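Comments concern the structure below.
Taken together, the values in this text are just the output of simple stated rules run on the coordinates, not laboratory data. Worth saying up front: this structure is predicted, and the values here are computed from it rather than measured. FYI the Cβ positions are ideal-geometry reconstructions off the backbone, even for glycines, and counts take in every protein chain you see.
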Protein chains: 2
Amino acid sequence: MTATIHHLAGKRVPSLEPMLALTGADMHAVNAVILDRMQSKVALIPELAGHLIAGGGKRLRPMLTIASAALFDYPGTRHHKLAAAVEFIHTATLLHDDVVDGSGLRRGKRTANLIWGNPASVLVGDFLFSRAFELMVEDGSLKVLRILSHASAVIAEGEVDQLTAQRQVETSEEHYLHIINAKTAALFAAACRIAPVVAEAGEEAEEALESYGRNLGIAFQLIDDAIDYASDAEVMGKGVGDDFRDGKVTLPVILAHARGTSGDRAFWKAAMQGDRTADVDLAHATALIRDTGALADTLERARHYGRRAIDALAPFSAGRAKAALIEAVEFAVARAY
Amino acid sequence: MTATIHHLAGKRVPSLEPMLALTGADMHAVNAVILDRMQSKVALIPELAGHLIAGGGKRLRPMLTIASAALFDYPGTRHHKLAAAVEFIHTATLLHDDVVDGSGLRRGKRTANLIWGNPASVLVGDFLFSRAFELMVEDGSLKVLRILSHASAVIAEGEVDQLTAQRQVETSEEHYLHIINAKTAALFAAACRIAPVVAEAGEEAEEALESYGRNLGIAFQLIDDAIDYASDAEVMGKGVGDDFRDGKVTLPVILAHARGTSGDRAFWKAAMQGDRTADVDLAHATALIRDTGALADTLERARHYGRRAIDALAPFSAGRAKAALIEAVEFAVARAY
């Protein structure tokens with residue numbers, strides 16, 4: 001009994017703290033670039049962009065660029081501009097996503113499209129996206145430009161793919177993994193890969209960090225998908241059941257549908273078509289996802305990619321940066337426990 | 001009498017023919033790049049992009065890149081990819097514009113957002129925009145990347161500025177010129193300027209072609225704005241009165257409002273606020289614009305910028321390319337006669 005209590009008390013809960021401590025000073029500089037470069041004489045641009053950019057985002061992707069550069073004790077400052085470019089690409093994507101989904105809430109706040117309308121969100125997204133490329137061009141590395149312009153095209157392709165798959169309950173797990181690889185993991189991978197490029201750490205380091213970022217991104221998205229069907233989802237600031245009501249066929253749904261009875265399958269088909277959107281339907285969906293083991297297995301799939309992310313760091317020697325990158329993965333996959 | 005007839009019969013009607021003849025072979029190669037690079041395994045992307053790209057556009061902007069390169073007898077093929085990138089940026093802008101305006105018709109065809117919905121138009125626009133940057137990165141000129149990434153940011157800024165000015169009848173002519181400089185003329189200027197960059201023709205040539213493109217772009221937009229209030233506007237495939245009903249405060253409206261009686265001003269204010277959208281209101285607006293001289297003076301302003309575009313070509317020696325570029329301006333400003 002005492003031992004158990006000791007064990008619990010001694011159990012390290014993974015946190016983002018080591019990552020925040022590692023990147024704090026650099027992230028201060030990154031934030032300065034972000035604030036400076038989202039300015040415009042057209043007042044609506046900083047107003048709208050600031051709502052989202054100052055609005056409680058974790059800056060996870062630029063932080064990955066900074067933390068990855070710390071693996072090589074990179075002494076320069078080029079990664080500040082590039083990390084800001086990564087955040088601008090991400091913010092542009094969020095602005096357009098909220099228009100595409102007709103979302104009203106993000107991170108517990110009203111979305112920009114709800115406050116300023118869809119037109120402003122589309123156009124300010126375009127501005128931030130262009131500004132990201134201006135930042136990269138100022139840096140001047142064609143290799144970085146290649147990595148991030150390719151990632152941007154892959155993200156957009158993944159978003160269209162997801163739109164096509166929306167409400168299609170027969171989407172396969174393979175197809176779904178392909179979608180999240182594109183729409184989410186591609187930017188994580190690129191954010192990590194550009195660090196060894198500016199640090200001139202070589203191809204092996206680039207490939208290792210690309211793999212780290214890609215696997216972390218997939219794990220991150222799977223956890224996000226699972227949280228939509230978890231009861232304590234408000235920790236994310238994401239509305240529980242949003243994916244369900246939007247007819248987004250995520251892995252929990254794919255597994256629950258595949259493992260379900262013919263009655264369950266009829267329910268899922270109707271639900272994804274938008275014919276089962278009441279609270280009682282969400283409760284039923286959540287129960288099915290739990291009872292078929294779909295939730296537990298989505299989390300297990302996430303942990304699988306998390307382990308692959310950690311193993312991808314094998315080429316790098318132990319130290320504060322590596323430990324922070326590892327714990328960031330543990331933190332990401334622990335979110336839904 | 002006979003002399004007058006002779007004069008009329010002998011009057012050369014400006015046409016795009018010299019430009020089309022000059023650029024034909026290269027534009028064939030540009031079109032091949034466009035068709036190749038709009039492909040994706042996600043079928044909706046080429047389907048939607050193809051609707052707009054194959055849908056009767058004049059390819060005016062990439063044609064300007066090709067014709068400008070012909071001024072220097074540029075012997076290479078780099079401008080094919082870059083002209084395709086220019087067209088992708090333009091197409092992405094059109095897709096997003098139609099979402100922003102809620103348009104249903106473009107060039108006389110149903111718009112992509114009407115057929116496939118706003119989400120698909122937003123995301124395929126993002127894809128084409130990213131693909132444009134991939135093409136530029138493949139070319140590898142940081143100077144070209146700088147010109148086009150800056151133009152893209154300026155375009156988005158101009159679009160947001162226009163959104164802010166929408167329905168504001170007190171918009172000044174100066175502010176309006178600033179908007180169209182950004183949203184339209186910036187891409188014309190960039191399309192022309194990248195040609196002397198790849199031809200390595202020097203700074204003076206770059207500045208001359210930037211000026212040509214910028215002035216042509218402003219003239220082009222002013223004519224477009226005038227056509228919205230002209231009776232034979234269907235020649236453009238643009239719905240007559242679209243700007244009027246959308247509350248777009250263009251130069252014809254700015255001039256008619258400024259020159260109008262207090263009653264006219266009250267009409268314009270109500271109309272731009274969306275309270276006068278009937279056919280009879282459009283007829284009244286068109287009459288006011290004609291009777292105050294606003295239409296004639298908008299056309300005169302367009303001719304002014306057209307003359308500046310032609311004069312910007314002074315550094316270049318006479319020849320087929322220069323003649324085609326000059327006649328393209330004459331054609332653009334003659335559209336509304």
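Below are the figures for this structure:
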{"read-out": "Choice from B:Thr298, B:Thr171, B:Thr91 with maximal GNM fluctuation in chain B (Cα, 10 Å cutoff)", "value": "B:Thr171"}
{"read-out": "Between the range B:117-143 and the range B:51-112, the alpha-carbon center distance in angstrom", "value": "12"}
{"read-out": "Shape category assigned to the range A:77-187 from the gyration tensor of Cα positions, a/c cut at 1.5", "value": "oblate"}
{"read-out": "Modelled FRET efficiency - R0 45 Å, B:Ala258 with B:Leu35, Cβ distances, 0.05 increments", "value": "0.45"}
{"read-out": "Average partner coverage of B:139-149, which counts Cβ from other chains inside 10 Å", "value": "4"}
{"read-out": "Extension gain, A:His304 back to A:Lys109 (0.36 nm per residue minus Cα-Cα distance, nm)", "value": "67.0 nm"}
{"read-out": "For chain B: relative contact order, % (alpha-carbon pairs under 8 angstrom, 6 or more apart)", "value": "21"}
{"read-out": "Highest-MSF residue in chain B out of B:Thr184, B:Thr292, B:Thr23 [GNM, Cα springs under 10 Å]", "value": "B:Thr292"}
{"read-out": "Computed [θ] at 222 nm, deg cm²/dmol, chain B (DSSP H ≥ 4; -39,500 (n - 2.57); rounded to nearest 500)", "value": "-23500 deg cm²/dmol"}
{"read-out": "Student exercise, the range A:14-334 dipole from Lys, Arg, Asp, Glu Cβ charges, in Debye to nearest 20", "value": "400"}
{"read-out": "Relative contact order (%) - criterion: Cα under 8 Å, at least six apart; region: the range A:218-336", "value": "34"}
{"read-out": "Cross-link table A:Lys248/B:Lys183; A:Lys143/B:Lys183; A:Lys109/A:Lys183; A:Lys109/B:Lys41; A:Lys143/B:Lys322; A:Lys58/B:Lys183, entries beyond 26 Å C-alpha to C-alpha", "value": "A:Lys248/B:Lys183; A:Lys143/B:Lys183; A:Lys109/B:Lys41; A:Lys143/B:Lys322; A:Lys58/B:Lys183"}
{"read-out": "³J(HN,Hα), Karplus 6.51/-1.76/1.60, whole Hz, each residue of the range A:240-249, x for Gly, Pro", "value": "4, x, 4, 4, 4, 6, 7, x, 7, 8"}
{"read-out": "Residue-span extension gain [B:Leu20 to B:Ala323] - 0.36 nm each, minus C-alpha spacing", "value": "107.9 nm"}
{"read-out": "Amide proton proximity set for A:Leu71, modelled H, under 5 Å, gap of 5+", "value": "none"}
{"read-out": "Shielding by other protein chains, A:192-205, mean Cβ within 10 Å", "value": "0"}
{"read-out": "Most positive-pole-ward Cα, B:His79, B:Val122, B:Leu187, against dipole of the range B:76-222 from beta carbon charges", "value": "B:Val122"}
{"read-out": "Computed Rg/Rh of chain A, alpha carbon atoms with Kirkwood Rh", "value": "0.98"}
{"read-out": "Calculated FRET value between A:Glu204 and A:Lys58, using beta carbons and R₀ = 25 Å, to 0.05", "value": "0.30"}
{"read-out": "The range B:296-337 and the range B:149-209: distance between their alpha carbon centers, rounded to Å", "value": "17"}
{"read-out": "Average beta-carbon neighbours from other chains, 10 Å sphere, peptide A:32-41", "value": "1"}
{"read-out": "For chain B, the longest site-free run once trypsin sites (Lys or Arg not before Pro) in DSSP loop states with at most 12 other Cβ atoms within 10 Å are removed", "value": "B:59-337"}
{"read-out": "Length-normalised contact order of the range B:163-289 in % [C-alpha pairs under 8 Å, at least 6 apart]", "value": "30"}
{"read-out": "Label-to-label distance, nm, for residues given as A:Gln273 and B:Glu138 (7 Å Cα→Cβ offset)", "value": "4.2"}
{"read-out": "Distance (nanometres) between label positions extended 7 Å along Cα→Cβ at B:Arg265 and B:Asp242", "value": "3.1"}
{"read-out": "The range A:194-230: GluC sites (Glu not before Pro) falling in loop per DSSP and having at most 16 other Cβ within 10 Å", "value": "A:Glu200"}
{"read-out": "13 Å cut-off, amide nitrogen to a point 7 angstrom out along B:Glu47 Cα→Cβ, residues in the range B:107-146", "value": "B:115-117, B:120-121"}
